[in-house]
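Below is one structure; the comments refer to it alone.
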Amino acid sequence: MISPKKALSSPETTTALAEQMIVSRSFWADARIRFFRNRMAVVSIFMLFCLVLFAIFGHALATWSYEEIDWSLLGKIKTEGGPSLSNGHYFGVDELGRDLYARVVQGSRTSLLVGFIAAILAVGLGATFGAIAGYYGGRIDQIIMGAYNITLSIPYIIFFVVWQAFFGRDLIQMILVMVIINWTAGLLIVRGQVKMLKNREFVDAARMLGMSDFKIITRHILPNMLWVIIIYMSITIPETIMYESLVSFLGVGIQEPNTSWGALISQGAGTMTFGTLWQLAFPAIFFVIAQVSLYYIGDGLRDALDPKER
């Protein structure tokens, strides 16, 4: 007769218990474990967290403001305007004698604010309209899909120029225009998922209980697609930062004296022939770190949340 202790320690019992623990684990618990196994995603979260801290608290370490001009360096920026701890210009100065460190902090704050807020709002709108189109179908679906196709056909650079000609070039307007050109993010995939879910048993049960369509969509359908929304949000945030940086690089983004990574990179690229490479290097480094970190975080979320990868 086998003792209970030996029975519990046998390979068969251990394997069975392990399988039972894996099966009983919730979807989100399993996704969290899978995500933190991705070392690049974990490192990228740390890097992004440091960038956010830099954008929020970086001004506390700045000796100069992002608008202040160091008149003593004008005319000799190439020789004396480089990075220096002695004069408080940690990243050097730009072509107008303004502290580049303070301007990179300001640019990081602007780019991250636009990227995160605009992406979250855009994906939220896209998911909502996709859920409405997939749930109701018919004429409503045709109208939403018509708006979707029209939005994709509009060149966003021209839209930027026209919008800002009428409404200005401040941060709020930048976020609004980013939401407008990106509101289609995730719409198609959410629409397709809702079409599959709206005839499931739990949705029929909710209808039999007299729940309204709004409650069915918000309480029963959208929560079952939260993983899709999170994945698309992780894709849209770096894309939004890229769009903002591109339009700022082209000179139709954030208006001076405010700045962003794209505007700083544009200014640095315009002066690199004079040998002031620090004006391009520092904003470009921060931009690249943000894009690479967000890419690996999004890649880790896709691997962790996509049921096909389980």
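The values are calculated or read from the model by the stated rules, or taken from the named source; none is laboratory data. From a predicted model like this one, the values you see are computed outputs, not experimental measurements. In this analysis, Cβ positions are derived from the backbone assuming ideal geometry, glycine residues included, and neighbour counts consider all displayed protein chains.
Residues in region 71-81 that are part of a loop (DSSP other than H, G, I, E, B), out of contact with any Leu (no Cβ under 9 Å at 6 or more places or on another chain) and within 20 Å of Ala281 (Cα to Cα): Lys76 only. Here Ile289 fulfils each of the conditions (1) free of Cβ contacts under 8 Å to residues at least 40 places away in the same chain; (2) surrounded by fewer than 18 Cβ atoms within 10 Å (Cβ to Cβ); (3) closer than 30 Å to Thr79 by Cβ apart from (1).
Considering each of Val247, Val203 in turn, give the residue that is without any contact (Cβ under 8 Å) to a residue 24 or more places away in the chain, in a helix (DSSP H, G or I) and surrounded by 17 or more Cβ atoms within 10 Å (Cβ to Cβ).
Among Val247, Val203, only Val203 is without any contact (Cβ under 8 Å) to a residue 24 or more places away in the chain, in a helix (DSSP H, G or I) and surrounded by 17 or more Cβ atoms within 10 Å (Cβ to Cβ).
Residues in region 114-165 that are surrounded by 15 or more Cβ atoms within 10 Å (Cβ to Cβ) and of a type in the set (S, T, N, Q) were compared, and the one that is farthest from Leu226 (Cα to Cα) is Gln164. Screening the candidates Tyr90, Tyr66, Tyr101 for the property of being of a type in the set (Ser, Thr, Tyr), more than 19 Å from Asn258 (Cβ to Cβ) and buried (at least 18 other Cβ atoms within 10 Å of the Cβ) yields one hit, Tyr90.
Checking the structure you have, find out if any residue of region 141-158 is within 24 Å of Ala284 (Cα to Cα) and out of contact with any strand residue (DSSP E or B) (no Cβ under 9 Å at 6 or more places or on another chain). Yes; the residues of region 141-158 include at least one that is within 24 Å of Ala284 (Cα to Cα) and out of contact with any strand residue (DSSP E or B) (no Cβ under 9 Å at 6 or more places or on another chain).
If the condition is being surrounded by fewer than 24 Cβ atoms within 10 Å (Cβ to Cβ) and assigned to a helix (DSSP H, G or I), then region 178-195 contributes Val179, Ile180, Ile181, Asn182, Leu188, Ile189, Arg191, Gly192, Gln193, Lys195.
Small (Gly, Ala, Ser) and either at pLDDT 90 or above or assigned to a helix (DSSP H, G or I) (or both) - does that describe any residue in region 90-105?
Within region 90-105, one or more residues are small (Gly, Ala, Ser) and either at pLDDT 90 or above or assigned to a helix (DSSP H, G or I) (or both).
Looking for something within 23 Å of Phe91 (Cα to Cα) and over 14 Å from the mean Cα position of the chain (by Cα) - is there at least one such residue anywhere in region 228-248? The answer is yes, given that some residue of region 228-248 is within 23 Å of Phe91 (Cα to Cα) and over 14 Å from the mean Cα position of the chain (by Cα). Checking the conditions here, which among Phe35, Phe57 is at pLDDT 80 or above and more than 30 Å from Trp227 (Cβ to Cβ)? Of Phe35, Phe57, the one residue that is at pLDDT 80 or above and more than 30 Å from Trp227 (Cβ to Cβ) is Phe57. Looking only at residues that are in contact (Cβ under 8 Å) with a residue 12 or more places away in the chain and surrounded by fewer than 17 Cβ atoms within 10 Å (Cβ to Cβ) in region 166-175, which one is nearest to the chain's Cα centre (by Cα)? Out of the qualifying residues, it is Leu171.
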